[in-house]
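Right, one structure below, let's go through it.
No value in this document is a laboratory result; all are computed from the given coordinates. Owing to the predicted nature of the structure, the values given are computational and were not obtained by experimental measurement. Cβ coordinates were reconstructed from backbone atoms using ideal geometry, including for glycine residues, and neighbour counts include every protein chain displayed.
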Amino acid sequence: MASPYERAPKVKAEDLPEANLQEKVIMIRRVAKVTAGGKHLRFNALVVVGDGQGHVGIGLGKADAVPDAVRKGQAIARRNMIRVPLVGSTIPHEVIAKFDASSVMLRPAVPGTGVVAGATVRAVVEAAGIRDILTKALGNTNPVNLAKATMDALASLKDPQQEMAKREGVKASAA
């Protein structure tokens, strides 16, 4: 079963102004594979890319060197950007999402609250342009799973105007 982030319609990075895109490396992890000839070191880089205006994506790049892993992560994040519905500087409603053993709760906040979140969730929501939000990481706090859970939560947010229009259309057709 695909996650909400995987099912969400993707926004092409070419459609967004290149100058507005911000990239942030959330985590770099060294991975060692033990072989008969010794240890083979590789690197993983988790990168978030956003324009600060409701578009965000994450990417996990893997390579033999850190710069290559970061570059791959940026390319993957740009390919997988989604649109997040915003109401002012916050989200429209509360949402809880789970990815593997990590869960995250996102709750709208009044203007002036700021971003109340840990490092991983903070990087993702700030890249999306959310300036007022309350969050809680539940379960495992592995940065990769927490970032994916956050993206699932953001992807499952509904735009209030679109939902009302959909429901009005359903009422009209039922009557």
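Couple of notes before you dig in:
- Residues of region 140-170 falling in the label zone of I28, defined by backbone nitrogen less than 19 Å from a point 7 Å along Cα to beta-carbon, are 143-144.
- Computed [θ] at 222 nm, helices only, for the chain once each DSSP H run of length n ≥ 4 contributes -39500 (n - 2.57): -9500 deg cm²/dmol
- Each Lys and Arg contributes +1 and each Asp and Glu -1, all at the Cβ; summed about the Cα centre of region 4-158, the dipole is approximately 500 debye.
- Ranking G54, Q74, I91 by Cα position along the charge dipole of region 4-158, where only Lys, Arg, Asp and Glu carry charges on their C-beta atoms, puts Q74 farthest toward the positive end.
- If you plug the beta carbon distance of N20 and H93 into 1/(1 + (r/R0)^6) with R0 = 35 Å, you get a FRET efficiency near 0.85.
- Of [x] 1, 9, 16, 19, 18, 14, 9, 6, 4, 2, 1, 1, 0, 0, 0; [y] 1, 8, 14, 13, 12, 9, 8, 7, 7, 6, 4, 4, 3, 2, 1, 1, 0, 0; [z] 1, 7, 11, 14, 15, 13, 12, 9, 6, 4, 3, 2, 1, 1, 1, 0, 0, the label for P(r) over Cα pairs in 5 Å bins from 0, in percent derived from the coordinates: [x]
- Nearest 10 degrees, 0 to 90: helix 66-79 Cα axis against the chain principal axis: 20 degrees
- Using alpha-carbon coordinates, inclination of helix 143-155 to the longest axis of the chain, degrees: 20 degrees
- Checking every one of the GluC sites (Glu not before Pro) in region 92-169 against DSSP loop status and a limit of 13 other Cβ atoms within 10 Å picks out E94.
- Between A119 and A172, the simple label model (points 7 Å from Cα in the Cβ direction) yields a spacing of 5.1 nm.
- Here the 3J(HN,Hα) profile of region 55-61, calculated from phi with Karplus coefficients 6.51, -1.76 and 1.60 at θ = phi - 60°, is 10, 8, x, 10, x, 10, x Hz, Gly and Pro shown as x.
- Residues whose amide H falls under 5 Å from that of L138, counting only those 5 or more places apart or on a different chain, are S103, V104, M105, with hydrogens built in the peptide plane.
- Most mobile of A36, A117, A149 in a GNM of the chain (Cα contacts under 10 Å): A36
- Here the contact order of the chain, divided by its residue count and restricted to Cα pairs under 8 Å and six or more residues apart, works out to 22 percent.
- Other residues within the sphere of radius under 13 Å centred on the Cβ of Q53, judged by their own Cβ, net out at -1 (K and R +1, D and E -1).
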